[in-house]
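The values are calculated or read from the model by the stated rules, or taken from the named source; none is laboratory data. This structure is a prediction, so every number in the text was calculated from the model and none was measured. For neighbour counting, all protein chains shown are included, and Cβ atoms are generated from backbone atoms with ideal geometry for every residue, glycine included. Protein only, heavy atoms only, side chains kept; ligands, DNA and RNA dropped before computing areas. Shrake-Rupley method; radii C 1.70, N 1.55, O 1.52, S 1.80 Å.
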Amino acid sequence: MTTYIYGIAHRTHAHLPEEMGGVGDPPRPVRTVVQGELVALVSDAPEDLRPKRRDLLAHQSVLAEAGAGGAVLPMRFGGVSPDDDAVKAALAEHGERYLERLEALEGKVEYNIKAAHDEEAVLHQVLAESPELRALSEANRQAGGGTYEQKLRLGERIAVAVQQREARDAVLIQRALERAAEEERPGPQSTGWLANLSFLVARERADEFVASVETLRKEAPHLVVQVHGPLPPYSFTD
Amino acid sequence: MTVVPAQQGGSGGTSGLYDVLELVLDRGLVIDAFVRVSLVGIEILKIDVRVVVASVDTYLRFAEACNRLDLEAGPRKSPGLPDLVGEITESGARGKSKGALSGAAQTISDAFQQARDEAEPEQRPRTRRTAARRKEEQE
């Protein structure tokens, strides 16, 4: 029977969600594998494990529960070990590094921030900042919208200005939020937000972090800012 | 099996569930000795371009949007936006008030709700994100 692994905690972790339902259908009960100072949160792996929505959620839920009781190193979804002994061997081999990370993550959670422009608001800003673009736009308007070439010429200039704002705003977001955070990492690249950042935040400063997001939203109303968290510190395991 | 479509129909929104699960699939500790489940067939890594792309379509869209803008009125937001933002913040705050990561599960269930909502475009005011417009134009 292969073993599915959710995360790794210190042996002294007081509230590991043993018996909680994990991956699989029916859900395989969560149990622990102890090795030295460390404990791995595992369950039997279903034979045909695939990244189905319910399994992704089970992985996330087990880690959320475990994280509520103390530091946990979250595994990426889908790690399967041949058996419990192989889990012990991995814990023994990398134990020092895992203990160091657990110590660093104690009392901290991840917040993932994604931001995009509110298009109408950002166009307003771009025109407000550039008399030249305003004049071009006004000329087009008076010509009933302008010819195809006029529209292209204006649109291209606007697009350049908006792209510059995207870069500027990515920096603005980072600076506005980093003060309340311990660490930050870029989010997965493929999604194309103007900013996709993960912040490691101390639990006792979570209010401060969320308040800094609120301040950012007020000060930069042309940004649509999404906050996801608190999450297990997926982005801070190494 | 497709788990989480990165985009839901023509609603102009994106799945909040996807926004969290990308971390579950793309971040987190990996132990080299272990086998990883194949992600073949999952569309979660699909590129969902929200940033401005230099293209004729974009240029024309911007030019026409500027033509419609009322510069005297100041920036306006679509009515749906504050609600959306409120929901997300609230879920974060709820998590915190529980004092623990249990809030994350709430975030996920909210994300599901959001994904469902967004699958029903008629019932949800459009947000005016760059990509929302972009998708409209493509349809």
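Taking into account only those residues within segment A:129-148 that are touching a helix residue (DSSP H, G or I) at 6+ places or on another chain (Cβ under 8 Å) and of a type in the set (Gly, Ala, Ser), which is modelled with the lowest pLDDT?
A:GLY145
Looking at A:ALA180, A:ALA167, can you tell me which residue is more than 8 Å from every other protein chain (Cβ to nearest Cβ), touching a helix residue (DSSP H, G or I) at 6+ places or on another chain (Cβ under 7 Å) and within 30 Å of B:VAL20 (Cα to Cα)?
A:ALA180
Does A:VAL87 meet the test of being crowded, with 21+ Cβ neighbours inside 10 Å and modelled with pLDDT of 95 or more?
Yes; evaluated as a whole, the condition is true for this residue.
Looking at segment B:19-50, which of its residues are at pLDDT 85 or above, within 24 Å of A:LEU197 (Cβ to Cβ) and open to solvent by 40 Å² or more (accessible area, probe 1.4 Å)?
Within segment B:19-50, B:ASP26, B:ARG27, B:VAL30 meet the criteria.
Exactly one condition in (1) within 11 Å of another protein chain (Cβ to nearest Cβ); (2) within 29 Å of A:VAL201 (Cα to Cα) is not met by A:HIS10; state its number.
All conditions are met except number (1).
Considering only residues of segment A:134-145 that are surrounded by fewer than 19 Cβ atoms within 10 Å (Cβ to Cβ) and on the phi < 0 side of the Ramachandran plot, which is nearest to the other protein chains (Cβ to nearest Cβ)?
Here the residue is A:ARG141.
What is the residue count in segment B:53-72 for residues that are touching a residue at least 60 places away in the same chain (Cβ under 8 Å) and among the acidic types (Asp, Glu)?
1
Scan the strands (runs of 3 or more DSSP E) fully inside segment A:146-238 and keep the ones with 2 or more residues being surrounded by fewer than 17 Cβ atoms within 10 Å (Cβ to Cβ). Spell out the reasoning first.
Working: elements: A:183-186, A:195-202, A:223-231.
Counting at least 2 such residues, we get A:183-186.
Going through segment A:204-236 one residue at a time, which ones are without any contact (Cβ under 8 Å) to a residue 12 or more places away in the chain and facing chain B (nearest Cβ under 9 Å)?
The answer is A:ASP207, A:GLU214, A:ARG217.
Which condition does A:GLN125 not pass, out of (1) under 29 Å from A:ARG175 (Cβ atoms); (2) modelled with pLDDT of 95 or more, if it passes all the others?
Unmet condition: (2).
Return the total of residues in segment A:7-43 being among the small types (Gly, Ala, Ser) and open to solvent by 60 Å² or more (accessible area, probe 1.4 Å).
Residues flagged as among the small types (Gly, Ala, Ser) and open to solvent by 60 Å² or more (accessible area, probe 1.4 Å) within segment A:7-43 amount to 1.
Would you be able to tell me the number of residues in segment A:113-130 that are in a helix (DSSP H, G or I), more than 8 Å from chain B (Cβ to nearest Cβ) and open to solvent by 10 Å² or more (accessible area, probe 1.4 Å)?
1
Quick check on my filter: what residues within segment A:47-72 are surrounded by fewer than 21 Cβ atoms within 10 Å (Cβ to Cβ), more than 8 Å from chain B (Cβ to nearest Cβ) and either farther than 15 Å from A:MET20 by Cα or touching a residue at least 40 places away in the same chain (Cβ under 8 Å) (or both)?
A:GLU47, A:ASP48, A:GLY70
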